[in-house]
Amino acid sequence: MFATACTKRHRWAELRFSHEISPQPPRVGPVTLTLHITDLSGAAISGAQVALQANMSHAGMVPVFADATEIEPGRYQSTMKLSMAGDWRVTVHVTWSNNHKADYEFEIKEVKP
């Protein structure tokens, strides 16, 4: 799965995001999330702090948290342990140079048992 979107927290914090999820289809247990983060000109955002939070689509579940590590300029990777089958929403919090911040959200649909 490959998707692209952009969400901004502040007007000056415009970034481009894409993500990949492995394995496909996603299953309960560990999944690897790979994020590619660039500025609007396509230049890689390096040295960022990237934190993830995954929540089930229904209330009452404990969220899952993870940090991502930069594996090459602008590419960040994290492993999250999804605890239940169903639909998940992942929020990515990015902080980079001069304390600029941006958020990105995407869904992991139909996680299998």
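The values are calculated or read from the model by the stated rules, or taken from the named source; none is laboratory data. The structure presented is a predicted model; accordingly, all values stated were derived computationally and were not measured. Glycine gets a Cβ as well: all are built from the backbone with ideal geometry, and neighbour counts include every protein chain shown.
Taking region 51-113 as the region of interest, the strands (runs of 3 or more DSSP E) fully inside it that hold 3 or more residues being of a type in the set (S, T, Y) are 75-82.
Looking only at region 12-28, residues that are in contact with a strand residue (DSSP E or B) (Cβ under 6 Å, 6 or more places away or on another chain) and surrounded by fewer than 14 Cβ atoms within 10 Å (Cβ to Cβ) come to 3 in all.
Inside region 31-71, residues that are loosely packed, with under 13 Cβ neighbours inside 10 Å and closer than 17 Å to T95 by Cα make up a count of 7. Name the single residue that is modelled with the highest pLDDT among those in region 86-104 being among the polar types (S, T, N, Q) and under 17 Å from D39 (Cβ atoms). Checking each candidate, the answer is T95. Out of all the residues in region 24-34, is one or more more than 14 Å from V111 (Cβ to Cβ) and modelled with pLDDT of 95 or more? Among the residues of region 24-34, at least one is more than 14 Å from V111 (Cβ to Cβ) and modelled with pLDDT of 95 or more, which makes the answer yes.
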